[in-house]
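The values are calculated or read from the model by the stated rules, or taken from the named source; none is laboratory data. Note that the structure is predicted; figures quoted are calculated from it, not measured. Neighbour counts are summed over all protein chains in view; Cβ atoms, including those assigned to glycine, are modelled from backbone coordinates with ideal geometry. SASA here: full protein model, heavy atoms, side chains in, ligands and nucleic acids out. Shrake-Rupley method; radii C 1.70, N 1.55, O 1.52, S 1.80 Å.
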Amino acid sequence: MGRGRNNQRKQQPSCSPRSTSVNEVTDVYRPHFKSKIGLVLSCLGCVVGTGNIWRFPRIVANNSQDEGGLVFLIVWVIFLLLWSIPMLTVEYGTGRYTQKAVIGSFRQLVGDKAAWCGAWICMVSFMISCYYSVVLGWCFYYFVYCIANTLPDNPEDSRKIFKDYAEDSAWPVLTTALAVGFAGLSVVKGVKTIEKVSMCLVPVLLLIILFTFTWSMTRPYADHGITYLFTPSWESFGKPRVWVDALSQNAFDTGAGAGLMVPYSSFMTRNHGIVRYATLIPATNNLVSLVCGITIFAAVFSTLIASRPHYTQSDIVNVMKDSGPGSTGLTFIWLPVLFQTVGTFGRVLAALFFLCLSFAGLTSLISNVELFTQTVGDFGLGRRYAMPLCVTLTFTIGLMSALNIDILTNQ
């Protein structure tokens, strides 16, 4: 009788309406995003970076010909559908299923012989973060500079300001250290701190983008820049450079193929739809890029037409194409000059612009640091040791770019 009662008690759980699966138990106890808005903002923070604000307008200008840039935008959207969304769907699915970073995912899904593929992806993303942290440090510096100093009124003085800081001083060492340090602190507890930081930074970032977009729309002659951006030059379809740049910009924008979303998606649960987020996040990211592109084109055209009426449309486009050392031309050389023409409010706009760049760059650098930290963690090293190791290596290798802009330009 005693054994019979014990057997009955053991069998009782199987009589419940719905038993709990192993996956559901794992979802409850492993680290995961606490809210859907936290997940969306964290993933947006990962992909919305300086590439949207700093790189995208210049790449569009370089592929716009004399008539306009609509053809590049069309090809860019094509690659969003053909490359970014399918690739990110794979990355989201891989991370959520394996709950590992890139190398661990390749080993689990393909086998140990394919681990080198994950190692290659991880190494490339890590090397990008080493120079990306230097550029983020520039953004920090310019944010403070715009608050404390008057803006230059010509590109020659603006170039000297950048040269004195980035090439002839040791300040980039400090600003790079701050950039890497902030990113490291943001991943110190994994998804807990990533989600909290993203919930604070990303909404502010999007509000600043919306504010500067609205301001640029109210500028006289802004319509000239917008008209140029959306005017087609149909023969551009036959130029291979347009297709290559559109694909590379999509990869740079969305992070598709960089493995950055694999660690983030490892914090997802079965309640988070892979296809839904893999479509929503890159599409929203590219929308942000387009808004930033409209903002920059409108601001540059309106300001140069008003302040330099002798400039032709080709002259204005050449200003936007000016890459300068380390692709500094438009953002760090010309935009302070353009904001100066607005007067006192221009300093406010300049400070907001570089604050926006700083937040965008920081949230993207966080994802790079998390990728390497989680990758090292997959090999058994705890986060308390993996994160400082990642931060130290990123800063140490990034020092070469911080001290020599030619190295950064090559990277």
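Each residue of region 126-134 was assigned a 3J(HN,Hα) from its phi angle through the Karplus curve 6.51 cos²θ - 1.76 cosθ + 1.60 (θ = phi - 60°); the sequence is 5, 5, 4, 5, 5, 8, 4, 5, 5 Hz, with glycine and proline shown as x. For the options R159, R347, R270, a Gaussian network treatment of the chain with springs between C-alpha atoms closer than 10 Å singles out R270 as fluctuating the most.
Over region 25-168, the pair-distance histogram of Cα-Cα distances with 10 Å bins from zero comes to 8, 23, 30, 23, 13, 3, 0 percent, rounded to whole numbers.
Scoring 94-102, 122-130 by mean Cβ neighbours within 10 Å over their residues and listing the highest first yields 94-102, 122-130.
With each label modelled as a point 7 angstrom along the Cα→C-beta vector, the A283-A306 pair spans 3.6 nm.
Given the pairs K100/K189; K34/K113; K160/K239; K100/K192; K36/K189, which span a C-alpha to C-alpha distance of over 25 angstrom in this model? Flagged as over cut-off: K34/K113; K160/K239.
Estimated at 0.36 nm per residue, the fully extended path between N404 and V244 surpasses their Cα-Cα distance by 54.8 nm.
Rg/Rh, computed from the Cα trace of region 365-407 with Rh as the Kirkwood radius, has the value 1.09. Each Lys or Arg adds one and each Asp or Glu subtracts one; over the other residues with Cβ under 14 Å from the Cβ of G346, this totals +1. For region 67-152, with equal point scatterers placed on the C-alpha atoms only and solvent neglected, what are the log10 I(q)/I(0) values from the Debye formula at q = 0.19, 0.23 1/Å, to two decimals? Normalising to I(0) and taking log10 leaves -0.95, -1.04. What region 262-395 shows is 33 Å² of accessible area per residue, with the surface traced by a 1.4 Å probe over protein heavy atoms. Taken over the Cα atoms of region 106-241, the convex hull encloses 245 Å³ per residue. When you work out D = kT/(6 pi eta Rh) for region 174-229 at 10 °C and 1.306 mPa s, using the Kirkwood radius from C-alpha pairs as Rh and the Stokes-Einstein form, the result is 113 µm²/s.
Short-range pairs are left out: with C-alpha atoms under 8 Å and at least six residues apart, the relative contact order of the chain is 36 percent.
Summing Lys and Arg as +1 and Asp and Glu as -1 over all other residues whose Cβ lies under 13 Å from the Cβ of R107 gives a net charge of 0.
For the chain, build the charge dipole from Cβ charges (+1 Lys, Arg; -1 Asp, Glu) around the Cα centre, then report which of G382, S314, F237 sits farthest towards its positive end. After comparing all options, I get G382. Once you reduce region 195-220 and region 266-288 to the center of their Cα atoms, the two points are 21 Å from each other. Judged by the mean number of other Cβ atoms found within 10 Å, the most tightly packed of the peptides 355-365, 201-211 leads the ranking 355-365, 201-211. Taking θ as phi - 60° and the Karplus parameters 6.51, -1.76 and 1.60, the scalar couplings of region 306-316 work out to 6, 8, 10, x, 7, 6, 8, 4, 5, 4, 5 Hz in sequence order, x denoting glycine and proline. Magnitude of the charge dipole for region 272-411, about its Cα centre and with charges confined to Cβ atoms of Lys, Arg (+1) and Asp, Glu (-1), is about 260 debye. Could you tell me what percent of the accessible area of the chain is made up of carbon and sulfur, with a 1.4 Å probe and every protein chain present? Ligands and nucleic acids excluded, carbon and sulfur reach 64 percent. Note on V204 and F237: the model spin-label points, each 7 Å out from Cα along the C-beta direction, lie 4.6 nm apart. The three principal axes of the C-alpha atoms in the chain carry coordinate ranges of 102, 46, 41 Å, sorted with the longest axis first.
What 222 nm value per residue comes from the helices of the chain, counting each DSSP H run with n ≥ 4 as -39,500 (n - 2.57) and dividing by all residues, nearest 500 deg cm²/dmol? Roughly -23000 deg cm²/dmol at 222 nm, from the helical runs in the chain. Applying the Karplus relation 6.51 cos²θ - 1.76 cosθ + 1.60 with θ = phi - 60° to region 360-374 yields 3J(HN,Hα) values of 5, x, 5, 5, 6, 5, 4, 5, 5, 5, 5, 4, 5, 4, 6 Hz, where x marks Gly and Pro.
Peptides 141-154, 388-401, ordered by how many other C-beta atoms sit within 10 Å of their residues on average, highest first, read 388-401, 141-154.
Amide H contacts under 5 Å for G259: none, restricted to partners 5 or more places along the chain or on a different chain, H placed in the peptide plane at 1.01 Å from N. In terms of its C-alpha gyration tensor, region 117-159 has a prolate overall shape, because the principal axis ratio a/c (a ≥ b ≥ c, square roots of the eigenvalues) is not below 1.5 and a/b outweighs b/c.
Extension gain for the segment R270 to E156, taken as residue separation times 0.36 nm less the Cα-Cα distance, is 35.5 nm to one decimal.
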